[in-house]
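Heads up: the structure comes next, in structure tokens.
The values are calculated or read from the model by the stated rules, or taken from the named source; none is laboratory data. Note that the structure is predicted; figures quoted are calculated from it, not measured. Ideal geometry is used to build each Cβ from the backbone, glycine not excepted, and the neighbour counts take in all protein chains shown.
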């Protein structure tokens, strides 16, 4: 079901098949490991710590250096000598270099790098590197790590809880005092990752002549990390040339965390005097690439007896692993302005605590704080219903932000652009959909089977305000440091002398179809065909227009980059219209672009071909209007004003657009295996205008399976000593096609008034909604409060097992 | 009897995508690396090197196999087909076209292996049920698509083939 | 994840393979399908000096009925056996179990005998061999011997094969009564079984129940189907006797409960299917 208003468009908003597909289907993708490298390129292999926590007493690489084909072995001392520690948002003494210095703090932490003629030889030599470790106690549980007397990950910090901030909005105390009831729940969101099929790949070289570095890597952004890398390498930005490939095998946030390896391979190239290529393998990736943070949340609501939420209080303890890597602790703050979710709650108190443990450092991940937030909030809403004897759907409805409130300023500062939540919910449960699931439940229960129904209402932010992380500082500290805010998107449309259109933009793709959508936008504006627009999204920091906001993350493409391309196309169009009007002797207002022509709307026969008009700008500048510069290359700069810095009272509009996702599902617990099986799943989306519904659906389905994976299958498991147990794809369970239940997707459209295209970020929503929805259904099925994710058969069995039949 | 010592780079000859090829490899060189690095056939991707993700799936004598669990020396004298063999003169074959029509790929990294699996499977079972398609597809991991488009694409390609053959 | 260096041998005959095994013993590994072995080599969990590739030895590539058993040579892949036209009548339990072995793609290379030689405690083919009371044929330069499944399957990844012996064939006894049933619980499709159960009906009406994934090797027990309560009690005793091990995916209690439920169900299913 889709009630999209009829858009008066030819290409935009249509399910146009992707231009990227042909090359990929033919095996002609250009992933970094496919690209030619210079003949003298060597291969790298990283030696990693087998211990979760240990002092490095010494590294003996003598035998390794003497091994066949080995050119160098680089250790932490080299990293410390040649680089500065990475900049981190939290100003505490927890320096991190690209290799372990002095001690190791997580299993898999890079300790040394072997540079050899090929990867096989490098792995052989790596086995000859002898590291003497003196093990230390490890701490893996965030509560244990935050407790007094815990083993310190960074002794100079004096604590593992490296950030603790409290926020207050409205008057939560009074609200709690006057509430009919208080309902609280403690929820844990587990640690997982979305492991793209292509791992990290870096090719780095160093030019002794000017001390510059040149790197090709499947980095996804944000490019605010470029200065972090340049500072670490002690070079000014222009001396770190970073290029991204035409094809990237998926990222989901993970390929932010490649940046320490970019620095590592850069100094390796410098030390060995030749280019170095590193291809991360799956074992390394699972162990040490990146992870979402796990979070322990205690959230409490002040409620009236009919389920109205008067206030919320959060205590969030989030586990970032052994180091804070930029831009952490992002997940704790990315949702900040929207921490009241879809509900109209004016009074909020929040304590955000950030703790370190002996686990792999956390990084960017699809959902980025949303899954953690909504598991807590939506489980609480379910518990409110159970506690008050109400229907969960009724509690949701009672609290939804009313349609007339938009744009809506949430308690913590989020400025929700548009939406009609009640209508979305009504449509989703209507047409007998919810009734059908309820009937399935009734039948199952009548047969003695356990079947639960769950709901989740999620506000999905798109395009982050780059100042969001500064919310973590006190307002005094923010004043001293100067305001941080905004998000600049850049795209360039150029037309060559023969009228061919090319586009570049600041959102490198990892499968999201950006090239197709940008072509749709530009072709629409210029009245030409999709095949007439060439798009190149290989970013080159030395030559492209980019800002610190560049990259593909936080769903910034639709509300950000796409708009910049639209603006660039409009700028080009305006120029062409002036030229054509001049030549056709009509008013500029009379000009239209259609079918590859630029013509008078009132007299369509009075027309010029698009290519001819474009040619004029190049070949015949004398024919241009006097105030017009020749050539046709326009960069669209999009910097929406809604992304203001955090206010003095700590309110922050953390994102530009806010979509809405409402899910419900039926889950049955298998009586033999104790597996939770999703029987029915309905997901309603409001992402404003959809630029390409085909691509949008693909994103929703992909996010759905990732959310399902977090709910039921995937978990990074550590033992008490910090040993990593999820080290292969046999242990870390990525769902296959057999594990995916049917999904019904619905749409309504509340265009965003904050962007000219009205399109909101979409694609993280189901990562946020699905774990909460399934957890609620399991809670309903089993009549329990604590649903530990992933809700594996082993965990559910332990709840259901009862007394074992004796012999 | 074929004997290759560990330090020896043997001359490996076989048929790749219909052409005779030859390149040198020591015994431990994996077929996945051999195809990509020695023969430049980079359409076959490496995702896990333990046989689970399926990205490296190629055809050996027509059967879909994991190139990461095969040594180059094992395909001496054999016929190997990779994704580069599917399109003819730049024209996508029916299976590839169905993938595009049904948005069965996003980042494209898992795609070549899946194409090869179904090239084998549809050759054996031209008219599979959805459950059979799901079964074979379960030998592959995809992170982007959620699998739905892939299943529809394979069923559409099979249907297309069936309709073409119908009198 | 690249393997350590090794020498490679591809004999044309069984005799050549046996001579090489006799010479290298523990330092050699047999490469048939490689679906288990090569992954372990890529992880550097093993360091064989020599790989002996038997996949192309024509004399090992056969499936035939001989001496009251379906005999499967060591080069036969799992998919080849699954496609064998006589499988449903000659070894119905195998026809039920083989689709659970790995995936379509791994069955194109993985061999039936390779799975037996590897001896994963939760593997389906060793379980089927044990339930059917089958045997393996081991050959070396010293001669040939046949070893019953229960004697061959020694423990986790351990068998009675001597270092100089090659597992040349597996023999699955033909059964007069074709009633058989197989069930498996795994986390995902194609994964290692958490618990697998197989049941075949004996001529006297009793049922042989085999269990994989609970102990360090398949276990088989004869159950008299004297009514639901008696069967449940017998399966319960079986579960207690096996105990079960603990790993990320299942506790010992969960494994025992799976046996209780799946064991009784598979027995029922076997008894009720068409003879």
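For region B:46-54, the criterion of a residue being at pLDDT 95 or above, more than 10 Å from chain A (Cβ to nearest Cβ) and under 30 Å from residue C:102 (Cα atoms) is satisfied by no position.
Scanning region C:236-264 for residues that are facing chain A (nearest Cβ under 7 Å) and more than 18 Å from residue C:122 (Cβ to Cβ) yields C:236, C:237, C:240.
When A:79, A:64 are screened for being in a helix (DSSP H, G or I), surrounded by 14 or more Cβ atoms within 10 Å (Cβ to Cβ), away from every other protein chain (no Cβ under 14 Å) and touching a strand residue (DSSP E or B) at 6+ places or on another chain (Cβ under 7 Å), only A:64 passes. Residue B:123 meets the conditions (1) over 12 Å from the mean Cα position of the chain (by Cα); (2) in a helix (DSSP H, G or I); (3) under 30 Å from residue A:763 (Cβ atoms); (4) more than 7 Å from every other protein chain (Cβ to nearest Cβ) in every case but one. The failed one is (3).
Can you pull out every residue in region C:233-253 that is crowded, with 17+ Cβ neighbours inside 10 Å and either part of a strand (DSSP E or B) or touching a residue at least 24 places away in the same chain (Cβ under 8 Å) (or both)? Those that are crowded, with 17+ Cβ neighbours inside 10 Å and either part of a strand (DSSP E or B) or touching a residue at least 24 places away in the same chain (Cβ under 8 Å) (or both): C:235, C:236, C:238, C:239, C:242, C:244, C:249, C:250. Within region A:288-306, being surrounded by fewer than 21 Cβ atoms within 10 Å (Cβ to Cβ) and outside any loop (DSSP other than H, G, I, E, B) holds for A:298, A:300. Exactly one residue among C:232, C:181 is in contact with a strand residue (DSSP E or B) (Cβ under 8 Å, 6 or more places away or on another chain) and at pLDDT 95 or above, and that residue is C:181. Listed by position, the strands (runs of 3 or more DSSP E) contained in region C:40-152 that have at least 2 residues being crowded, with 21+ Cβ neighbours inside 10 Å and modelled with pLDDT of 95 or more are C:50-53, C:69-73, C:135-140.
Note on region A:623-652: residues that are crowded, with 19+ Cβ neighbours inside 10 Å, over 28 Å from the mean Cα position of the chain (by Cα) and in a loop (DSSP other than H, G, I, E, B) amount to 1. Looking across C:96, C:60, one residue alone is farther than 25 Å from residue C:142 by Cα and either in contact (Cβ under 8 Å) with a residue 40 or more places away in the chain or more than 13 Å from chain B (Cβ to nearest Cβ) (or both). It is C:96. Among the candidates A:46, A:55, the residue that is part of a strand (DSSP E or B), crowded, with 17+ Cβ neighbours inside 10 Å and more than 14 Å from chain B (Cβ to nearest Cβ) is uniquely A:46.
Return yes or no: is residue A:300 away from every other protein chain (no Cβ under 14 Å) and out of contact with any helix residue (DSSP H, G or I) (no Cβ under 7 Å at 6 or more places or on another chain)? Quick ask: steps written out before the conclusion?
Working: away from every other protein chain (no Cβ under 14 Å): yes; out of contact with any helix residue (DSSP H, G or I) (no Cβ under 7 Å at 6 or more places or on another chain): yes.
Yes, satisfied.
I'd like the full set of residues that are surrounded by fewer than 24 Cβ atoms within 10 Å (Cβ to Cβ) and either more than 12 Å from chain A (Cβ to nearest Cβ) or at pLDDT 95 or above (or both), limited to region B:85-118. Before you say what the answer is, go through the steps one by one.
Residues of region B:85-118 that are surrounded by fewer than 24 Cβ atoms within 10 Å (Cβ to Cβ), as a first pass: B:85-95, B:97, B:100-102.
Selection gives B:85, B:86, B:87, B:91, B:92, B:93, B:94, B:95, B:97, B:100, B:101, B:102.
Taken over region C:16-39, the criterion of being touching a residue at least 12 places away in the same chain (Cβ under 8 Å), within 11 Å of chain B (Cβ to nearest Cβ) and not in a loop (DSSP other than H, G, I, E, B) is satisfied by C:17, C:19, C:20, C:31, C:37, C:38.
Would you confirm, using the coordinates I've provided, whether residue B:76 is in contact (Cβ under 8 Å) with a residue 24 or more places away in the chain and out of contact with any strand residue (DSSP E or B) (no Cβ under 8 Å at 6 or more places or on another chain)? Before you say what the answer is, go through the steps one by one.
Values: in contact (Cβ under 8 Å) with a residue 24 or more places away in the chain: yes; out of contact with any strand residue (DSSP E or B) (no Cβ under 8 Å at 6 or more places or on another chain): no.
So residue B:76 does not fit the description; no.
Among the listed residues B:43, B:51, which satisfies the condition of being surrounded by 21 or more Cβ atoms within 10 Å (Cβ to Cβ) and on the phi > 0 side of the Ramachandran plot? Even if it seems obvious, please write down each step before you answer.
On the way: B:43 fails: on the phi > 0 side of the Ramachandran plot.
On inspection, the qualifying residue turns out to be B:51.
Note on region A:471-499: residues that are without any contact (Cβ under 8 Å) to a residue 60 or more places away in the chain and assigned by TED's automatic domain parsing to the domain that holds residue A:564 amount to 0.
Report whether or not residue C:188 is without any contact (Cβ under 8 Å) to a residue 12 or more places away in the chain and assigned to a loop (DSSP other than H, G, I, E, B).
Values: without any contact (Cβ under 8 Å) to a residue 12 or more places away in the chain: yes; assigned to a loop (DSSP other than H, G, I, E, B): yes.
So residue C:188 fits the description; yes.
Among the numbered conditions (1) more than 13 Å from chain A (Cβ to nearest Cβ); (2) more than 30 Å from residue A:719 (Cβ to Cβ); (3) in contact (Cβ under 8 Å) with a residue 60 or more places away in the chain, the only one that residue C:221 does not meet is (3). Looking across region B:71-84, the residues that are facing another protein chain (nearest Cβ under 9 Å), within 13 Å of the chain's Cα centre (by Cα) and surrounded by 21 or more Cβ atoms within 10 Å (Cβ to Cβ) come down to B:82, B:83.
Right, residue A:700: in contact with a strand residue (DSSP E or B) (Cβ under 8 Å, 6 or more places away or on another chain) and more than 9 Å from every other protein chain (Cβ to nearest Cβ) or not? Break it down stepwise before answering.
Numbers: in contact with a strand residue (DSSP E or B) (Cβ under 8 Å, 6 or more places away or on another chain): yes; more than 9 Å from every other protein chain (Cβ to nearest Cβ): no.
Considered against the rule, which asks whether it is in contact with a strand residue (DSSP E or B) (Cβ under 8 Å, 6 or more places away or on another chain) and more than 9 Å from every other protein chain (Cβ to nearest Cβ), residue A:700 comes out as no.
Within region B:18-38, being more than 10 Å from every other protein chain (Cβ to nearest Cβ) and surrounded by fewer than 21 Cβ atoms within 10 Å (Cβ to Cβ) holds for B:18, B:19, B:20, B:21, B:22, B:23, B:24, B:38.
Quick grid of which residues meet (1) touching a strand residue (DSSP E or B) at 6+ places or on another chain (Cβ under 6 Å); (2) over 17 Å from residue A:329 (Cα atoms); (3) outside the structural domain of residue A:71 (by TED's automatic domain parsing):
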| site | (1), (2), (3) |
| --- | --- |
| A:242 | yes, yes, no |
| A:259 | no, no, no |
| A:270 | yes, yes, no |
| A:275 | yes, yes, no |
| A:279 | yes, yes, no |
| A:283 | no, yes, no |
| A:298 | yes, yes, yes |
| A:302 | yes, yes, yes |
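Filtering A:271, A:264, A:242, A:283 for residues that are part of a strand (DSSP E or B) and under 25 Å from residue A:118 (Cα atoms) leaves a single hit, A:242.
Among the residues of region A:79-93, is there at least one that is more than 27 Å from the chain's Cα centre (by Cα), without any contact (Cβ under 8 Å) to a residue 24 or more places away in the chain and within 22 Å of residue C:2 (Cα to Cα)? No: zero hits. Flag not set for residue A:98, criterion: surrounded by 17 or more Cβ atoms within 10 Å (Cβ to Cβ), at pLDDT 95 or above, touching a helix residue (DSSP H, G or I) at 6+ places or on another chain (Cβ under 7 Å) and not assigned by TED's automatic domain parsing to the domain that holds residue A:266.
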